[in-house]
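First up is the structure itself, then whatever we jot down about it.
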Amino acid sequence: ARAVGHEEGRTVRIGYLKNAARPVIVRFVRYMNHEHPSVHLDLSCMEYGELRRAMEEGRVDIALAVNVDPSISRNYRSTQIYTDRFYAVMSKDHPLAARASVTVQELPREKLLLPDSFVYAGLSELIDELVEADTQSAAREYYRDIDMLYLKVQAEGYIAFSSSLNNAMFGDALAIVPVVGIDSTFTVSAFYSD
């Protein structure tokens, strides 16, 4: 963005991952409008696989995504935007909702809602690594978007995982509980070519 800021009337095509970039995209657009008003931003919200293909095919100049895909990390330059972590999210009347934290070892007894591996390929692998070893017997279902996550957690008693910045979208409607005993941190980066 800095590099094109000096080019009058330049369009920068930005692809962003639905939930990874949502917490920062408004701040980014405001910053660009204020600091580089002559740069036009062409924003496209994409699923992970679509975002990766758009980068490979040159349909986007910058991809904002969770830094979990080695092929993107290897083939493009990147700038880390922020570090975040996953929390367990559940309905406020869930038995674990009043707890200060939960452990991975407690999750096999619960119904887990996990990201769909087609829609959220890299994210799905990351979360599977967090819970796989201790949750082989857990009931699992998969979500394809944040609205489905919210509904299933709120209405059907599932526990899902959401980042601290995305948790703001739920307001005070869900219980947000830290998961202890695992490293649930991840980074969101901007990927681009020279």
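The values are calculated or read from the model by the stated rules, or taken from the named source; none is laboratory data. None of the values given here were measured: they were computed from a predicted structure. So basically every Cβ, Gly included, is an ideal-geometry build from the backbone, and we count neighbours across all protein chains shown. To get the accessible areas, we keep the full protein, side chains included, count just its heavy atoms, and leave off ligands, DNA and RNA. Shrake-Rupley method; radii C 1.70, N 1.55, O 1.52, S 1.80 Å.
Given the criteria at pLDDT 85 or above, under 20 Å from the mean Cα position of the chain (by Cα), open to solvent by 20 Å² or more (accessible area, probe 1.4 Å) and at negative phi, does residue 142 qualify? I'd like the intermediate steps shown before the answer.
Numbers: at pLDDT 85 or above: no; under 20 Å from the mean Cα position of the chain (by Cα): yes; open to solvent by 20 Å² or more (accessible area, probe 1.4 Å): yes; at negative phi: yes.
No, not satisfied.
Looking at residue 128 and the list (1) touching a Phe, Trp or Tyr at 6+ places or on another chain (Cβ under 7 Å); (2) within 16 Å of residue 66 (Cβ to Cβ); (3) at pLDDT below 85, which single condition is not satisfied?
With respect to (1) touching a Phe, Trp or Tyr at 6+ places or on another chain (Cβ under 7 Å); (2) within 16 Å of residue 66 (Cβ to Cβ); (3) at pLDDT below 85, residue 128 is out only on (1).
One line per residue, one yes/no per condition, for (1) assigned to a loop (DSSP other than H, G, I, E, B); (2) charged (D, E, K, R); (3) at pLDDT 80 or above:
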| site | (1), (2), (3) |
| --- | --- |
| 5 | no, no, no |
| 8 | yes, yes, no |
| 20 | no, no, no |
| 26 | no, no, yes |
| 29 | no, no, yes |
| 44 | no, no, yes |
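If you scan the stretch 159-185, which residues turn out to be open to solvent by 20 Å² or more (accessible area, probe 1.4 Å) and either small (Gly, Ala, Ser) or touching a Lys or Arg at 6+ places or on another chain (Cβ under 7 Å) (or both)? It would help to see each step written out before you state the result.
Step one: list which residues in the stretch 159-185 are open to solvent by 20 Å² or more (accessible area, probe 1.4 Å), which gives 164-165, 168-169, 171-173, 176, 178, 180-183, 185.
Answer for the stretch 159-185, where residues must be open to solvent by 20 Å² or more (accessible area, probe 1.4 Å) and either small (Gly, Ala, Ser) or touching a Lys or Arg at 6+ places or on another chain (Cβ under 7 Å) (or both): 164, 168, 171, 173, 181, 185.
Starting from residues that are in contact with a Lys or Arg (Cβ under 6 Å, 6 or more places away or on another chain) and of a type in the set (Asp, Glu), keep the ones in the stretch 26-65 and report whichever is farthest from residue 189 (Cα to Cα).
42
Mind listing just one residue for me: the one in the stretch 72-119 that is polar (S, T, N, Q), outside any strand (DSSP E or B) and open to solvent by 50 Å² or more (accessible area, probe 1.4 Å) and, of those, farthest from residue 27 (Cα to Cα)? I'd like the intermediate steps shown before the answer.
First, pick out the residues of the stretch 72-119 that are polar (S, T, N, Q): 73, 75, 78-80, 83, 91, 101, 103, 105, 117.
Keeping just the survivors that are outside any strand (DSSP E or B) gives 73, 75, 101, 105, 117.
From the residues that got through so far, the ones that are open to solvent by 50 Å² or more (accessible area, probe 1.4 Å) too are 73, 75, 105, 117.
Working: 73: 24, 75: 27, 105: 37, 117: 29 Å.
This residue is 105.
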